[in-house]
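Nothing in this text is a laboratory measurement; each read-out follows from the coordinates by a stated rule. Keep in mind that what you see is a predicted model, and the values were worked out from it rather than measured. Glycine gets a Cβ as well: all are built from the backbone with ideal geometry, and neighbour counts include every protein chain shown.
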Amino acid sequence: MISGLMLLFNVKNMRFAIVVCRPDRRICSAVSVLILLLTVSLLSACSGINEAGIIVAGSTSVQPYAEILAEEYMILHPEAVIDIQGGGSSAGIMAAQTGTSDLGMSSRILKDDEKSLWYVEIARDGLAVIVNPDNPIQNLTLAQISEIYSAGISDWSQVGGTKAKIHTITREDGSGTRDAFVNLVMGDANITPRSIVQDSNGAVRQLVADDPNAIGFISLGLVDDTVKALQLDGVAATRENVIDGSYNLSRPFLFIAQSEPTGQTKLFLDFVLSPEGQQILMNEGLISPLEGAGT
Amino acid sequence: MKINKEKISGIVFLLIALSALSVLALITIFIFIKGVPIINKVGFFNFVFGMVWDPSHGAYGIFPMIIGSVSVTLGAAILGVPVAICCSIFLSEFAPAALSNIVRPAIQLLAAIPSVVYGFWGLLFVVPAIRIYLGGPGLSILAGSIILAIMILPTIISIAEVSLLSLPRQYKEGAYALGLTQWQTIRSVLLPAAKSGIVAAIILGIGRAIGETMAVIMVLGNAVAIPQSVLDPARTLTTNIGIEMGYASGEHQQALFATGIVLLVIVMILNAFAQYVTRRK
């Protein structure tokens, strides 16, 4: 824009009067010192983060819920400072491991070499595979969904629908929802690069609601009547079926720590796992481990 | 005393000017520091011409996005440039003052609409229209091109109009004196004379289109594959950064900065070319 304006000016004048100012050396060094000072003071201002608070970092799927919990907790305990950061499940587990954060958040189960860490499941989240309400398909098998997303099946008629090209919609690389979908559904297959990529649950839902030939996946708590959640191997995508384990597209939300938390961190954890904390999560559409056996 | 004041004011203005420049330098240096390691690791050729972008499996190839950027921008230029040039000719040669005083600010207003509004409008009107009348998912290169074509109109129109208006009056008077009609004058005298300004206007418009992110994220579909038709979704260099930065960390984040380097270089080349065209009289 700036260069555009400059050019506008240039063209208008049609003569290019360039005023070159030649500052002497003294001014130059004074200027550079000043800029340096400004930069340094900015940097030091940024690093002055309160070190007394609890740092929670990790999965961006858990992050919004953790933020709500932290807000509620800080209302009850005004002296507490909780800093919630994103970064992704793996980064969160790593941060807990190295101790850079007091708690790590993960929206995937721990791998074998991570099992030595202390962790607790704060909630479960179901994953719904959604299509447009006008789509006659009611039920797909896991294998069919995997085939659709790896472009082995490209037409709705191949799975019993009307003849139309399937528009697969996925989340961007790095998203926890995509991660969970790949782990639970895709197995070793890759999501086709021809899939449309949207950067939020809401955008995926909106697109599926608009496009009769689209298929997408979102958090179960966010399914509304603008889209239709498919049955999986004949099991409906409902909270009840996630709780009793018959609908198996679900993922745990974990809090992870280096060792069993103490002090401030333990107080916050106790709040998260208390009936009040769990009620907050349930109100947000998640499934509490208190509700049933789960997996 | 007077000299001192002069000197001080000079220094103050120099400082302010330098602060703007130093921000540019800081951004450039930062992008390069963050992005160059991954280019070195993957290899420049593999990065720029790699066909697979799959950060979770360590594949960083941005060629599909370069193709995406080029095709969307080309589409926007094909749709937008003829309209913009005609509009600037109309404003500078045909329109009565009363009319051009309405049309000109209206076009400038196009530039003031935030890009997210363009994107939202595209998502609600352009995308469904393409899906219903032309087929495909709607989110497509065509949708992106239409939105970008509208967004680059004000840039091209205003610069092209200024370069037409700034031609010496003698050109037109001479042409009329030789018995040329108005259209002949425009076609064979004014347009060739203003060529460099108009070309610069088009290049700057293209630069604007390549750099646009928000509106394009919303209507382009962001698929990381080389599109086969204008109705296919695609991803541009800017949207690659915009859509993935939220979750990126480590190498993935570096790769996004490296995407920024490629984008920066492309835009710099375009701007330098525009400057060159205007200066070469």
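Numbers below:
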quantity	calculated
For the range A:169-176, 3J(HN,Hα) per residue [Karplus equation, 6.51 cos²θ - 1.76 cosθ + 1.60, θ = phi - 60°, Hz, x = Gly/Pro]	10, 10, 9, 6, 4, x, 5, x
Rounded to whole Hz, the Karplus (6.51, -1.76, 1.60) HN-Hα couplings of the range B:193-199, x for glycine and proline	5, 8, 3, 5, x, 5, 4
Amide hydrogen neighbours beyond the local backbone of A:Ile55, cut-off 5 Å, H modeled	A:Asp83, A:Asp102, A:Leu103
Amide hydrogen neighbours beyond the local backbone of A:Thr60, cut-off 5 Å, H modeled	A:Gly87, A:Gly88, A:Ser89, A:Gly176
Residues whose placed amide H lies under 5 Å from that of A:Ile153, excluding near-sequence neighbours	A:Ile148
Among A:Ala128, A:Ser219, B:Pro105 the positive-end extreme of the charge dipole of the protein assembly as shown (Cβ point charges)	B:Pro105
Positive-end residue, chain B charge dipole about Cα centroid, Cβ charges, pick of B:Gly75, B:Met268, B:Ser188	B:Ser188
Mean Cα-pair separation over length for the range B:193-251, i.e. relative contact order, pairs under 8 Å, 6 or more apart, %	28
Two-site FRET efficiency, B:Ser229 against B:Asn4, from Cβ-Cβ distance with R₀ of 56 Å, rounded to 0.05	0.25
Contact order relative to length of the range B:53-280, as percent, for alpha carbon pairs under 8 angstrom and 6 or more apart	30
The range A:81-123: trypsin sites (Lys or Arg not before Pro) in DSSP coil with no more than 13 other Cβ atoms inside 10 Å	A:Lys111, A:Lys115
Cβ-Cβ FRET estimate between B:Ala95 and B:Leu74, R0 fixed at 22 Å, reported to 0.05	0.15
Per-residue [θ]222 nm for the protein assembly as shown (sum of -39500 (n - 2.57) over DSSP H runs n ≥ 4, rounded to 500)	-17500 deg cm²/dmol
Using θ = phi - 60° and Karplus 6.51 cos²θ - 1.76 cosθ + 1.60, couplings along the range B:158-170 (whole Hz; Gly, Pro as x)	5, 5, 5, 5, 4, 6, 6, 5, 7, 5, x, 4, 4
Cross-link partners of B:Lys41 among aspartates and glutamates (Cα-Cα below 15 Å; sequence separation of 8 or more within a chain)	B:Glu251
Length-normalised contact order of the range B:39-121 in % [C-alpha pairs under 8 Å, at least 6 apart]	14
FRET efficiency for A:Asn190 and A:Ser116, using Cβ-Cβ distance with R0 set to 35 Å, rounded to 0.05	0.70
Part-to-part distance (alpha-carbon centres) for the range B:200-227 and the range A:48-114, which is given in Å	36
